[in-house]
Amino acid sequence: MTRTHTFAFALALSIGLATARPASAQEDQANNDGKVYASVLHTSAGETLKDVMVTFADGKITAIAPGSALPDGYAEGLVLTAGLIDLSARVTRSENAVEQTNEVESRLSVANSLDLFDRTWDRLARSGVTTVLATPPDRNVVGGLSAVLKTQGSKDMAQRQLNARNFLRGAMGDAPSSGNRPAWGSPNSIYNRRPTTRMGVEWEWRRAFFDAAAAPEYPELEFPGADVFRAVLAGNITLYVQAFTVIDIRTAVFLKEEMKREGFGDIQMWIDGGSEAWKDAQLLKRSNTGVVLSPFPSAGYSPERSFQAWRVAKDLDEMGIPFTLSAHGRTEPGRTLADQAGRAMRGGLSFEKALAAVTSAPAAVLGLEDRLGTVEVGKDADFVLWSGQPFELTSRIIGVWVDGRQVQ
Amino acid sequence: MKLLSHSWTLAACVGALAWTGPLMAQQKQAIKAGTVITMTGEPIENGVILMDGTRITAVGKADEVEIPWDAEVTEAPNMVAMPGFVEAHSTDGTDRTNETIDVAPFFDVQDSINPVDFFFENCLRYGVTTVNIQQGNNTVVAAMGAVVKPFGHTVDLQMVYPQSGIKMSISPKSGKSRATQAATLRQAFHDLRAHLEELVEEKKVGNDRARREALAQGRDYEGEDAKGRAMTGKGWIVEGLETVPRVEIDEKMAPLLKVVEGKMRVFMYCGSPAEVHTAIEIAKENGFLETMTFVLGSGCHKAADAIAAAKVPVILSSNLVHIETDPLTEEETRTFEAQVFQDKGVTFALTSNNSGLESLWYQAALAVGQGLSREDALAAVTTVPAQLLGLSDRVGALKPGADANVVLYDGDPLSMRSQVQHVFIDGQQVYDRANDPRLKHLLEGEQPKGTQADPDGAREESAEDEGSEDEDESKKDD
């Protein structure tokens, strides 16, 4: 009852907003040329430059001039980095954003359920995040396809979305089955469904893959969205699996290896969460699986009672396993993506590696390394300007630019 | 002969001290640190802290302080020494923080402190050496709190200062409205007054009931309380109280009399700016305005003017930035509350956000990130809380005469990359990072032999992940 009300209210609000802002078209034409000065520039491309002036025009970086004199009125000691990228920004929070009548919904794209009028986007932008990978949440087993978008820009989804690699996102473990119950013994509701166990969740995954792989030969196995699974098997879509505990990570990796053994295809897989990746990093290495790390919890416990040791980022780095950091959309002071980089450093990761894990590494995962993730001529003018050493709690973000436009 | 007897005395002393075991560090000690942040002035490069037994005897530059020949010296040339942080108000470390009785000033939080709680271990890990433990906010008049150090296997050994103040709340406890909350709080003082007047009246007519009751309950007619004393206080006074021996006052009310007489601090929880005025009014009526400290919920900066005018110091919500969303435009207003209080000249202390990483150092660092100066942020977790607890002479700063509480960091205490390496409390080394299996667990992952996972941590984090997605739902602490 309450949920319905909230939803209706939110809907009313967003409709109200959409009509109340006819000026958005004008905003889009606002000037996106300009200059940024900083005492230090960490390019994320292996360079640290002093006293830099970065010039940009039409949302792209046009020149980087080290050794430039700081104009009057500019504070000393400011540090510039590329805009941060979060591959697990969890911008789709409400249950309305995932289809709950079917466990496997590979046809659906999250692009159709994102609310671009939500204040989350401004919060994310102010916390330094300029690009996110949006995915459906985890209330069913396979939620659907992803969308990559900047945190600021057009309110029109078609314009806002970046032409990036596609991800099919689903979950192992507790989340898709928690709350489900068998159909007997309780009032009839949407939660009377399967799976109700970890095994059941895994079975849904395997059935989808086997059916999709076998359907060309046995048409009766075809199901809506099977083509997406075939694209995953062909390596054209990345499989993005939420798994926190080591058993769920193993289940995901074994699924991938099984598909390869069966000759169905070589899946490109990334783990969303990976808190306990440190317990079996060798497995991830062996299967060439990347990890989008869950936020570092202060007492060690991550979702689903997994234990995220602080060394996990350092471990993955030392073993050469691709990884990025994530804040799961948190934007309050101390919990932002920048703070996750700080926490990874407390666990032993170097500054350069921590910076890469929130800029260039995620850009590469999205297949957008030509546009995002570093401060280089020709790249998008996405920057974060810091009052001091980035990722320290004592520094604050004093400016964020997305496509050359400063976030207010 | 004389010399001999002297050395005998000395030997006897040493023997006696050895007998008291490892709890008392009676030696002279010196810590030589790369940087010493004293909190009494500028940080000292290459500083020395001299300690004799449980007290600091001198702090200064290495070339200005002479280290006695018999002092044990700790060399820490690459470390930063700080006084331990002081937690102005915490409900952690106790078993069940809330009492169902509305008015319960006769309880003592000492009886619910669990000395082996993970909280105390975490205090050391994050450099907190003094904690004021108070009952939860879901109360009207709660128990007397206690200031403890996070070390020692019994509450007695932990104790710094018992009965450090009474916790009250002006925000409605569950089941009450704002109006009944205020009425119940006022009624507690009315009841006290009526009781005292009755005692005076009974003495006048020669009724000995109170004396017989006190004797029947086995109260001791000893010391100051065996006699009557005229009542003092800035709110109201019951004339003739000198005729009533203090011991005959109902034990359930006696602590409140201390409040009215200004001899017991009050920590007043105030969850909303709407309640600030009522709290100040009740404090004025009953004479404890000057001994009151506000424990504020998020958003109370809106009443900063009233708080400043009443000159009441505040302990801020751990939620440093208050976020408010306009219901129509969805525009967000973010207020860094410490800044507002500082601008209005209100004394403020910061508190921890949880008993783990987000301890006082973290809150101070965030406050610097939000624009507070380093000095002010550090003061808000050291000298200011010490002052609020009336313990400025003992904790919060490294100075001669203060408790020998020293924390050594391997870098800037406010940096995410620094860790507490050593903690000294009362001159005794009580924490060494090299021997901290649970920190090793947190960082490295392997559960150390003979230890359990931190059940509080598991609970806290999962609760965090469930509920905190939307920031503007202000959480009500309990």
key: Checking A:M157 against (1) at pLDDT below 90; (2) surrounded by fewer than 17 Cβ atoms within 10 Å (Cβ to Cβ), the condition it does not meet   = (1)
request  = At least 2 residues that are crowded, with 22+ Cβ neighbours inside 10 Å and at pLDDT 95 or above in each: list the helices (runs of 4 or more DSSP H) lying fully within the range B:126-226 that qualify.
outcome  = B:178-205
ask   = Which ones in the range B:343-358 are modelled with pLDDT of 95 or more and of a type outside the set (F, W, Y)?
value = B:D343, B:K344, B:G345, B:V346, B:T347, B:A349, B:L350, B:T351
message = Condition first: in contact with a Cys (Cβ under 6 Å, 6 or more places away or on another chain) and closer than 25 Å to B:R433 by Cα. Can you find one or more residues in the range B:105-125 that meet it?
response = no
query = Can you name the residue in the range A:117-133 that is in contact with an Asp or Glu (Cβ under 6 Å, 6 or more places away or on another chain) and closer than 9 Å to A:K150 by Cα and, of all such residues, is farthest from the other protein chains (Cβ to nearest Cβ)?
reply = A:T130
Scope the range B:53-110; condition of a type in the set (S, T, Y) and touching a Leu at 6+ places or on another chain (Cβ under 9 Å); matching residues = B:T57, B:T74
inquiry  = Only one of B:H301, B:H322 is within 12 Å of chain A (Cβ to nearest Cβ) and surrounded by 16 or more Cβ atoms within 10 Å (Cβ to Cβ). Can you tell me which?
reply    = B:H322
query = Residues of the range B:410-432 being within 13 Å of chain A (Cβ to nearest Cβ) and of a type outside the set (A, V, I, L, M, F, W, C), which ones?
reply = B:D410, B:G411, B:D412, B:P413, B:S415, B:R417, B:S418, B:Q419
message = Among the residues in the range A:322-330, are any out of contact with any Phe, Trp or Tyr (no Cβ under 7 Å at 6 or more places or on another chain), within 28 Å of B:N319 (Cβ to Cβ) and charged (D, E, K, R)?
response = yes
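For residues in the range A:135-154 being more than 17 Å from the chain's Cα centre (by Cα) and among the small types (G, A, S), which is surrounded by the fewest Cβ atoms within 10 Å (Cβ to Cβ)?
Initial filter on the range A:135-154 (more than 17 Å from the chain's Cα centre (by Cα)): A:139-141, A:153-154.
With the extra rule that they be among the small types (G, A, S), the set shrinks to A:153-154.
On the way: A:G153: 21, A:S154: 17.
That would be A:S154.
Just the residues that are small (G, A, S) and outside any loop (DSSP other than H, G, I, E, B), please, taken from the range B:403-438.
Going residue by residue through the range B:403-438, those that are small (G, A, S) are B:404, B:411, B:415, B:418, B:427, B:434.
Answer for the range B:403-438, where residues must be small (G, A, S) and outside any loop (DSSP other than H, G, I, E, B): just B:A434.
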ask   = Limited to the range A:291-306, what total is found for residues that are without any contact (Cβ under 8 Å) to a residue 40 or more places away in the chain and at the interface with chain B (Cβ under 7 Å from one of its Cβ atoms)?
value = 5
Failed condition for A:A354, given (1) among the small types (G, A, S); (2) more than 9 Å from chain B (Cβ to nearest Cβ); (3) surrounded by fewer than 24 Cβ atoms within 10 Å (Cβ to Cβ) = (3)
note = Filtering the range B:385-442 down to residues that are buried (at least 17 other Cβ atoms within 10 Å of the Cβ), acidic (D, E) and under 20 Å from the mean Cα position of the chain (by Cα) yields B:D403, B:D426
ask   = How many of the residues in the range B:424-439 are over 15 Å from B:V407 (Cα atoms) and β-branched (V, I, T)?
value = 0
note = A:A309 fails exactly one of (1) surrounded by fewer than 24 Cβ atoms within 10 Å (Cβ to Cβ); (2) small (G, A, S); (3) more than 10 Å from chain B (Cβ to nearest Cβ), namely (3)
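For the range A:254-292, which residues satisfy the criterion of being hydrophobic (A, V, I, L, M, F, W, C), over 30 Å from B:F119 (Cβ atoms) and part of a helix (DSSP H, G or I)?
A:F254, A:L255, A:M259, A:A281, A:L283, A:L284
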remark   = Scanning the range B:363-383 residue by residue, those more than 14 Å from chain A (Cβ to nearest Cβ) and surrounded by fewer than 24 Cβ atoms within 10 Å (Cβ to Cβ) turn out to be B:A379, B:T383
task = Could you figure out which of (1) more than 8 Å from chain B (Cβ to nearest Cβ); (2) more than 17 Å from the chain's Cα centre (by Cα) isn't true of A:S275?
result = (2)
message = Among the residues of the range A:327-340, are any in contact with a helix residue (DSSP H, G or I) (Cβ under 6 Å, 6 or more places away or on another chain) and of a type in the set (G, A, S)?
response = yes
task = Run A:V232 past the list (1) over 26 Å from A:T336 (Cβ atoms); (2) surrounded by fewer than 24 Cβ atoms within 10 Å (Cβ to Cβ); (3) modelled with pLDDT of 95 or more and report the number of the one that doesn't hold.
result = (2)
key: From A:Q308, A:Q268, residue being of a type in the set (S, T, N, Q), more than 21 Å from B:L357 (Cβ to Cβ) and in the same structural domain as A:L233 (by TED's automatic domain parsing)   = A:Q268
task = Identify the residue in the range B:333-356 that is more than 29 Å from A:G300 (Cα to Cα), in contact (Cβ under 8 Å) with a residue 24 or more places away in the chain and of a type in the set (V, I, T) and, among all such residues, is surrounded by the most Cβ atoms within 10 Å (Cβ to Cβ).
result = B:V346
query = Out of all the residues in the range A:250-263, is one or more of a type in the set (A, V, I, L, M, F, W, C) and within 28 Å of A:H42 (Cα to Cα)?
reply = no
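The values are calculated or read from the model by the stated rules, or taken from the named source; none is laboratory data. Given the structure is predicted, the values throughout are model-derived calculations rather than measurements. Methodologically, a virtual Cβ is constructed for each residue, glycine included, from the backbone with ideal geometry; neighbour enumeration extends over all protein chains shown.
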